[in-house]
1. Condition first: surrounded by fewer than 23 Cβ atoms within 10 Å (Cβ to Cβ) and within 12 Å of residue A:243 (Cβ to Cβ). Now tell me which residues in region A:203-214 satisfy that.
2. Filter region B:425-453 down to the residues that are in a helix (DSSP H, G or I) and in contact (Cβ under 8 Å) with a residue 12 or more places away in the chain, then identify the one that is nearest to residue B:249 (Cα to Cα).
3. When you check residue B:297 against the structure, is it within 14 Å of chain A (Cβ to nearest Cβ) and either in contact (Cβ under 8 Å) with a residue 60 or more places away in the chain or over 19 Å from residue B:195 (Cβ atoms) (or both), yes or no?
4. Please determine, by comparing only the residues of region B:265-292 that are within 20 Å of residue B:350 (Cβ to Cβ) and assigned to a loop (DSSP other than H, G, I, E, B), which one is nearest to the other protein chains (Cβ to nearest Cβ).
5. From the set of residues in region B:1-56 that are crowded, with 19+ Cβ neighbours inside 10 Å and under 29 Å from the mean Cα position of the chain (by Cα), which is nearest to residue B:374 (Cα to Cα)?
6. Take residue B:223 and tell me if it is surrounded by fewer than 24 Cβ atoms within 10 Å (Cβ to Cβ), in contact with a helix residue (DSSP H, G or I) (Cβ under 9 Å, 6 or more places away or on another chain) and closer than 22 Å to residue B:284 by Cβ.
7. Does residue B:123 satisfy being within 12 Å of another protein chain (Cβ to nearest Cβ), closer than 22 Å to residue A:341 by Cβ and without any contact (Cβ under 8 Å) to a residue 60 or more places away in the chain?
8. From the list B:204, B:176, B:210, pick out the single residue that is at pLDDT 95 or above and closer than 25 Å to residue B:427 by Cα.
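The values are calculated or read from the model by the stated rules, or taken from the named source; none is laboratory data. Note that the coordinates shown come from a computational prediction; the quantities given were computed from them, not determined experimentally. Heads up, the Cβs are rebuilt from the backbone with ideal geometry, glycines too, and the neighbour counts pull from every protein chain shown.
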């Protein structure tokens, strides 16, 4: 074992034992040489090795910092079996409402910071796009929608290797509209629909609104829905549809590997059950390569793939789309029936913006920001939250799912946090039966500020206080 | 009886007997003096009198023209009793699809000509409005929506004498979205909803989509829904909601007088049944005064009033709103759940446009155009359609409802007309049970052109040919 390996192991063990914690800076080369009598090259080699092991991160012109890693991932979910009428809306609206005030730390927000988007470039594109519209566009652009934008969207799928034509795309008022239309296109009131556990609350609300029943299937925090469990549900329960977020799921951040996506599509094809694929975070991968959606493996038109520009480019424009496969005509008709069409000026603005490479340059910048912010948030969880806390470390998107040690109650923590002007998204929002009472979803989509740092420290204190009260109470009960 | 009255009576009788027909020019003063030896002042007085009686119209620097008036109004509808599951969509989509090609004469269109709107001024307003948006507007403007626009809308109601505040308004993706949300806010699958007969097809489609049953109530072509009949339905059938277009109804063009609107609201209040009021044509009155909506008489928050800018200002922007009364919070939540929010740039554009008097100037011009175009269309119906044809003469909007003499079949006429590149909206589109087989809705929202004149002549010929074939067939059957 060489000198530098020895030195690296020593630091690794300090990290493991918690002496060095997430966010701490490693000694500078000068300090290390002074205190340890090692050469600069030994220090550098040791730090490179620690970086390669994923224990530390180099910050240009600053030094090396310990990465968050001690907390294990949350356990696979284990929802109670059976389908269920849904009623999560009250809690969801309460939490959403709490995020609207600007002085509240937006850890419970569902959106990335609006400052991450190229608003000025979009305004210019809107002006140019609207000049190009002629008067008859209001008729021409009825569903499936503005053709130049559908062409630009198809081009992006082609770059992923997917053969998508503009004719297969139906534009919508954001992905949520597309998802609701796809759900209606595939179900009747009273039907059962498979969802993840935990599950994006808007999916639960859509089921509630359309009088559908939720079958919650266990979901791994890293790799998504449990396919063996799904196979059994398909055999026994005959659901009419499956609604999943296959890449960077909300709230877990899980990413289903490509092989698993292929297997999922094949499994559903055998049962002829449609998959509604909510894919709004795919562009926000932190690594170097875009994940393929399940739609890429769909040969039968059974995948209704939905996405939008709301999370990646233009929040508030409400421009999304569906690739509904064999349900395309039905979805376009439902769009006509429910709101006639999307907003044409917004569609024209995005068609103009997408013509050159600006979107990819913006995305590269946004991905770097999201990756950095996630690290800052994870570091803060590790630093401030009670021992025994588990958390996800998603490879994309801007959510972190935190599992708190018993007896901490997320709803009580949510109430206490609001008293300190801090929002969070408590776990029961993400379940048809109020499970995940000890979990939170935290938003890492906002640039790190002293206010956020303070909010995370306060959250950690509030959680610890709850834990102590809970333990004391349990002690009294036993005594 | 004076000379000029004699002369006026003589001309009136020529009009009555069909010698002078709609669109014909009256003799010039010079011709009248030459052929009748009357003074210029006698001719003028006679023509003023005829104009006052509504028989002719003065065209500046051109002369006097006979107005269409021989055709009586269509009879009050008499739908079969009972509620009914709805299935009109196939026909509706076929007809809507036929209107998309620009070479088709758009007599079946649901929209006014896009050339009637101030597109350039809207583009400038969009640029100004978007400059005013800050990044956080995407969060601030979640439902109920962009506050500056809600303020402008409230101002317009104040001008009508209605006390509306911005807080009572929920913005939507056009009126159709608002109507669908209001329908969902007031009903559960399986409920029965009162609609007009004939009825706007999108209302029937909304009922179909939400598994609701339609109770069709007889409707007068001039004054709207039969209130006595409604009173009996409320007693016996306990509908959960009533959905009406109280001003310039689609397709009849009927305008419920203010007293009747007040009585309607009082009747529904006694039964505590909500009224969904679709009021998208109110701004398009042809006379000098805006009709008040039923909402103006609502003291209990039971009227869910819906409107938009799509027909009056900005088609394709998809900006509408609801005043849902006591259902406001529920409607805002449904908006959040189904599509998160409307398009914020479009809302900001209209907020900017509405700041000064431009909208009222545009409306004044548009109302004049619609009134003129209606007259041209009515004249063409009278000139070219078979004897026995009845038609409405709405006081606003851009639809004319035509009742054809037996045995003409509107669906067959629709098919024949498509073969001549002419679209029309056949009566069965407007009924849950395919009634109105001998009726058509014609669109007078497009500037009169030689193509439209030719299309109307062709339609008249096709109708006459059908009538002859039908009569011949009946003769054979009897013989």
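1. A:210 - this is the single residue of region A:203-214 that is surrounded by fewer than 23 Cβ atoms within 10 Å (Cβ to Cβ) and within 12 Å of residue A:243 (Cβ to Cβ).
2. B:430
3. So residue B:297 does not fit the description; no.
4. B:280
5. Result: B:22.
6. In short, yes.
7. Judged against the criteria, residue B:123 is a match.
8. The conditions single out B:176.
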